[in-house]
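Worksheet: the structure to be examined is printed underneath.
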Amino acid sequence: MVGVSVGLSPIPFYTIGMFAPELADDFGWSFSSLMAVIAIQGVVIMIISPLAGYCVDRFGARKVATVSLTSFGICFMSLSLNNGSLLTLYLQWTVMAALGAGTLSATWTSVVNGWFDKNKGLALGLASAGTGFTGFLIKPYTAMLIEQFGWRMAFVCIGMLPIVIGLPIVLLFLKEKQNVVEAAPVREDGPSAAAIQTTPVLPGYTLKQALMQKNFWVIALSFLLIAFALTAPTPNLENILRTQGFSLAQIGGITASFGLAVIAGRLLGGWMLDKFWAPLCALLILFIPAAGCWVLTLPDISQRAAFLAVAGIGFGAGFEFDLLAYLVSRYFGQRKYGTIYGCFYTVVAVAGGVGPVTYGYLYDTVGNYTLALSSGAIIVLAGGAVLLLLGRYPDFGSEAVDEEIEGLPEEVHRGDPAQVIQAGA
């Protein structure tokens, strides 16, 4: 939870709105050019996420988190050195997103999935709740730093959080569970057992095997729709509420509900995933953000109604990544969890990058957010409905599933001791 809260996912996303006015005043940059950094981050994550997931599978979450937290913190602090070059800002953001990708969900959820089974959903919810705490606390903290010390020092202080808080916690307490499957015996004419160092083999599919499953493409389509509908309104919330006639002070109070609702979505949603079949649970929960989008399309809504609507969207946003981590673990296992999750995160990054821009375009074209929000309500429910095409969870370790996996082709990694043992057997 601590690692999530000081990672690449929440900190830049929740602070760019605080820094943008300061940078615009000092350097004359437009808001659209400043908000482009979020799109840049999305593109980089789309490309890097599978590689980051592979590194988690190959080197372990602890090593990846240690390097990435440190790199991300240094890169964020480097933003304080910009002297007015927009190109430099974009390059800084690109490097920060690439090096900070190891602080994203794949790293942390791989550890949680390794340790928990019966209460996996609640455990994922607790771990992922860090983004909600950051969303609730980081804006006033950033505002205080800018007001008292200026935006340059604010970048430095916030960039220190991953290093001062996240890194010690990871080094001291993050432990990964390794479930070792015994290797097959080695033939006499094969490689000698003494010459081979066995490696842990976890239950589940390889990436190539997962790509051959219908469920992989069902989940990909579902999260393309869900991520689009839940990400699109978030950066537009202030302007959505402004078009509803709320004052700046009222907007601040209403949007405060978002971060708290993210925490609630992670915890309650995670608990429900443990109790019910995940696809049906997802569809039922996604009615909440859909209703929130619909309420914001109504004319002359009250402040209380707006508060509940924004909270509903935040609840869905909080549930989204818990749901993805849970589905990947249940349907594809732990064998190549990081790599497979990274592929799905690419889908989420694409949808998340397109969504806010689409909402902004529709607002510029139509003059309000009614069409965007009503469409988003339908799209998020469609994404939940697609998940109903998934079957029951595979029972990794059962004879039937093991025989199915053995019958599928898998990647051959040159020099992988486990592959050498299997070939020798």
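Every number in this text was worked out from the coordinates using simple rules, so none of it is lab data. Predicted model, so just to flag it, every value in this text is computed and none were measured. Cβ sites come from the backbone with ideal geometry, for glycine too, and all protein chains shown count toward neighbours.
Miscellaneous remarks
- Calculated mean residue ellipticity at 222 nm for the chain: -24000 deg cm²/dmol, from DSSP H runs with n ≥ 4 weighted as -39500 (n - 2.57), summed, divided by the residue count and rounded to 500.
- Sparse-neighbour loop sites [trypsin sites (Lys or Arg not before Pro); region 61-168; at most 10 other C-beta within 10 Å; DSSP]: Lys118
- Centre-to-centre separation between the Cα atoms of region 27-97 and those of region 202-246: 21 Å.
- Axis of helix 130-149 versus longest Cα principal axis of the chain: the two differ by about 50°, to the nearest ten degrees.
- Relative contact order [Cα under 8 Å, 6+ residues apart], the chain, whole percent: 26 percent
- Potential lengthening between Phe27 and Thr358 on full extension [0.36 nm per residue; Cα-Cα distance subtracted]: 116.4 nm
- Computed from label points 7 Å out along Cα-Cβ, the spacing between Leu137 and Asn83 is 3.6 nm.
- At q = 0.10 Å⁻¹ the log10 of I(q)/I(0) for the chain amounts to -0.69, computed by Debye summation with a single uniform scatterer per C-alpha, solvent ignored.
- Peptides 269-280, 42-53 ranked from most to least packed by the mean count of surrounding Cβ atoms within 10 Å: 42-53, 269-280.
- Loop-located GluC sites (Glu not before Pro) in region 111-182 (DSSP state not H, G, I, E or B) with no more than 10 neighbouring Cβ atoms inside 10 Å: Glu182.
- When the Gaussian network model of the chain links Cα atoms closer than 10 Å, the mean-square fluctuations of Thr243, Thr94, Thr206 top out at Thr243.
- Nitroxide proxy distance, nm - points 7 Å out along Cα→Cβ at Leu172 and Met35: 4.1 nm
- With respect to the chain, whose longest principal axis is taken over its alpha-carbon atoms, helix 31-59 is tilted by about 10°.
- Acute angle (nearest 10 degrees) that the helix 86-100 long axis makes with the longest principal axis of the chain, alpha-carbon atoms: 40 degrees
- For the set Lys139/Lys175; Lys175/Lys214; Lys175/Lys336; Lys139/Lys275; Lys118/Lys336, the pairs lying more than 24 angstrom apart at their alpha carbons are Lys139/Lys175; Lys175/Lys214; Lys139/Lys275.
- Spatial separation of Cα centroids for region 280-302 and region 337-396, in angstrom: 15 Å
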